[in-house]
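Asker: Let me give you the structure first, and then I'll get to my questions.
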Amino acid sequence: MSPRRNRQRGGAKPTDRTGGDRYGLEKTEEWRGEDWVVRQIGGGGAAKHYRCPGCDQEIPPGVPHVVAWPQDGDVDDRRHWHKACWNARDRRSARLQRSRNAPRY
């Protein structure tokens, strides 16, 4: 009896994946008159603490979330959002004021 194979043999890779194995699928959405690149991050790809600009709450490691940045922006323009906050971004303010004692991540 031969050992079990868990990997597919050869073949073409899916064309809709653009971010490699660690990252999710990318798509472009329009928001506030700008094109934004949006990427879904799975729990395995989330390795650090992030602060969601939609609700100003922390996104802990291991929690699936969304990364969005302007299409013509650079790495420093990326923002990590909870998926629900990204979907409700027009109803939420990104200009929340943190108190002086709140940590800045």
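Asker: Suppose we keep only residues that are in a loop (DSSP other than H, G, I, E, B) and touching a strand residue (DSSP E or B) at 6+ places or on another chain (Cβ under 6 Å) within the range 47-63. Which one would you say is most open to solvent (accessible area, probe 1.4 Å)? Break it down stepwise before answering.
Answerer: Going through the range 47-63, the residues in a loop (DSSP other than H, G, I, E, B) turn out to be 47-49, 52-57, 60-63.
Subsequent filtering for residues that are touching a strand residue (DSSP E or B) at 6+ places or on another chain (Cβ under 6 Å) retains 49, 52-54.
Details: 49: 89, 52: 0, 53: 31, 54: 7 Å².
Filtering first and then ranking leaves 49.
Asker: Answer with yes or no whether residue 54 is touching a Cys at 6+ places or on another chain (Cβ under 6 Å), of a type outside the set (Asp, Glu) and at pLDDT 70 or above. Spell out how you get there, then give the answer.
Answerer: Working: touching a Cys at 6+ places or on another chain (Cβ under 6 Å): yes; of a type outside the set (Asp, Glu): yes; at pLDDT 70 or above: yes.
Against the criterion (touching a Cys at 6+ places or on another chain (Cβ under 6 Å), of a type outside the set (Asp, Glu) and at pLDDT 70 or above), residue 54 qualifies.
Asker: Right, next: Among the listed residues 30, 26, 34, identify the single one that is modelled with pLDDT under 90, among the charged types (D, E, K, R) and open to solvent by 80 Å² or more (accessible area, probe 1.4 Å).
Answerer: On the way: 26 fails: open to solvent by 80 Å² or more (accessible area, probe 1.4 Å); 34 fails: open to solvent by 80 Å² or more (accessible area, probe 1.4 Å).
Checking each option against the conditions leaves just 30.
Asker: While we're here: Residues of the range 53-71 being within 19 Å of residue 26 (Cα to Cα) and touching a residue at least 24 places away in the same chain (Cβ under 8 Å), which ones? Before you say what the answer is, go through the steps one by one.
Answerer: Step one: of the range 53-71, the residues within 19 Å of residue 26 (Cα to Cα) are 63-71.
Within the range 53-71, 64, 65, 66, 67, 68, 69, 70, 71 meet the criteria.
The values are calculated or read from the model by the stated rules, or taken from the named source; none is laboratory data. Here the structure is a predicted model, which is why all the values come from computation and not from measurement. Heads up, the Cβs are rebuilt from the backbone with ideal geometry, glycines too, and the neighbour counts pull from every protein chain shown. Side chains are part of the model used for accessible areas, which takes the heavy atoms of the whole protein and leaves out ligands, DNA and RNA. Shrake-Rupley method; radii C 1.70, N 1.55, O 1.52, S 1.80 Å.
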